[in-house]
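Trainee: What follows is a structure written as structure tokens; I'll ask about it next.
The values are calculated or read from the model by the stated rules, or taken from the named source; none is laboratory data. Treat the numbers as computed from the prediction; the structure is a model and nothing was measured. FYI the Cβ positions are ideal-geometry reconstructions off the backbone, even for glycines, and counts take in every protein chain you see.
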Amino acid sequence: MAIELKVKRKPIKMVFVRYGGLSSVVQRGFTTKKDAKTYHSPPARNGIYAFPEHWVEFFLLGGSEYGTKNRTVKIKDAKGNVITNRHPDFEKYSGNKYMDRTDGKMWPDAKRDEDGEFSWSDYVHYLVKHVRPRKFTYDGDIWHHLGEHLSKSQLIKHSGYWVLTNMPNFKAAFKSEMKQRRKDVLRMFNSGDPKTKVKDAQFLSLNPYKFHSKDNLEVFIENIN
């Protein structure tokens with residue numbers, strides 16, 4: 001009598017990045033009203049947003065869902081004072097490795113000019129720098145926008161513009177998405193000047209999102225643990 005051996009498969013994991021903590025948080029933008037859901041509205045009441053490693057759409061990180069405060073920190077001098085545009089070292093560091101940011105607040109002595117406008121110096125500016133994103137591996141169920149690459153039987157449920165699947169199905173959809181975008185770029189290169197045509201050997205090295213936004217690659221995880 002043959003003995004059937006059950007082989008325990010290793011869980012399929014992917015690496016994701018996020019600015020901020022990894023604990024599930026209450027999403028203020030969550031709604032059950034279909035007409036109020038947007039492409040980036042959270043698909044669940046609790047969870048966190050993230051992106052697959054190397055495929056981050058940075059403009060989204062400034063949105064309220066991701067929190068600008070989680071990805072930049074204000075620069076301080078040796079005494080712990082925040083370097084603003086009225087700090088003696090502001091010009092020294094501005095435009096170098098630090099960025100100039102303002103949240104719209106104005107100095108108490110701000111005054112309008114003869115045209116009734118405020119100038120750059122009337123606003124409080126800070127020097128900030130990006131914090132490094134947190135990387136983490138995950139193998140559980142995941143919300144994403146790549147349902148078009150999957151069959152209905154592979155989807156656990158829908159929420160607005162999101163679908164929930166297990167990790168193996170997300171990874172399959174992700175690979176299909178990369179392949180489709182590379183075909184789009186290949187078609188774009190090969191439809192113009194013959195001198196710019198891409199050879200088959202170059203196909204896999206093409207940046208699949210060279211002419212596409214990566215906002216459809218965002219994911220939402222309800223609980224990492």
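Trainee: I'm checking my understanding of the structure. Among residues of the range 44-58 that are within 17 Å of Met167 (Cβ to Cβ) and out of contact with any Lys or Arg (no Cβ under 8 Å at 6 or more places or on another chain), which one is surrounded by the most Cβ atoms within 10 Å (Cβ to Cβ)?
Mentor: Top of the filtered list is Gly47.
Trainee: If you check every pair at least six apart or on different chains, which have Cβ atoms under 9 Å apart with a residue in the range 199-216 that is over 17 Å from His40 (Cα atoms) and assigned by TED's automatic domain parsing to the domain that holds Phe174 first and a residue that is part of a loop (DSSP other than H, G, I, E, B) and at pLDDT below 65 second?
Mentor: As it stands, the answer is Leu206/Val198, since those pairs meet every condition given.
Trainee: Let me ask something else about it. Are any residues in the range 148-169 aliphatic (A, V, I, L, M), surrounded by 16 or more Cβ atoms within 10 Å (Cβ to Cβ) and out of contact with any helix residue (DSSP H, G or I) (no Cβ under 8 Å at 6 or more places or on another chain), and if so, which ones?
Mentor: Leu164, Met167
Trainee: Return the residue satisfying two criteria in turn: it lies in the range 152-168 and is out of contact with any strand residue (DSSP E or B) (no Cβ under 7 Å at 6 or more places or on another chain) and not polar (S, T, N, Q), and of such residues it is farthest from Lys13 (Cα to Cα).
Mentor: In this case the residue turns out to be Gly160.
Trainee: Taking the range 166-213, which residues are at pLDDT 90 or above and either touching a Gly at 6+ places or on another chain (Cβ under 8 Å) or closer than 28 Å to Ser23 by Cα (or both)?
Mentor: Asn166, Met167, Pro168, Asn169, Phe170, Lys171, Ala172, Ala173, Phe174, Lys175
Trainee: Quick one: how many residues across the range 118-137 are surrounded by fewer than 19 Cβ atoms within 10 Å (Cβ to Cβ) and either among the polar types (S, T, N, Q) or at pLDDT 90 or above (or both)?
Mentor: The total comes to 10.
Trainee: Next up: Does Lys171 fit the bill of being in the same structural domain as Thr38 (by TED's automatic domain parsing) and under 19 Å from the mean Cα position of the chain (by Cα)?
Mentor: Yes.
Here is a yes/no grid of residues against (1) of a type in the set (Val, Ile, Thr); (2) at pLDDT 85 or above; (3) not assigned by TED's automatic domain parsing to the domain that holds Tyr19:
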| site | (1), (2), (3) |
| --- | --- |
| Ser64 | no, no, no |
| Gly80 | no, yes, yes |
| Ile83 | yes, yes, yes |
| Pro88 | no, yes, yes |
| Glu91 | no, yes, yes |
| Gly95 | no, no, yes |
| Gly104 | no, yes, yes |
| Trp107 | no, yes, yes |
| Arg112 | no, yes, yes |
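Trainee: Can you report the number of residues in the range 23-43 which are surrounded by 15 or more Cβ atoms within 10 Å (Cβ to Cβ) and within 18 Å of Asp215 (Cα to Cα)?
Mentor: Here the count works out to 5.
Trainee: Restricting the range 76-117 to residues that are among the aliphatic types (A, V, I, L, M) and either touching a strand residue (DSSP E or B) at 6+ places or on another chain (Cβ under 9 Å) or surrounded by 13 or more Cβ atoms within 10 Å (Cβ to Cβ) (or both), which is farthest from Val131 (Cα to Cα)?
Mentor: Ala110
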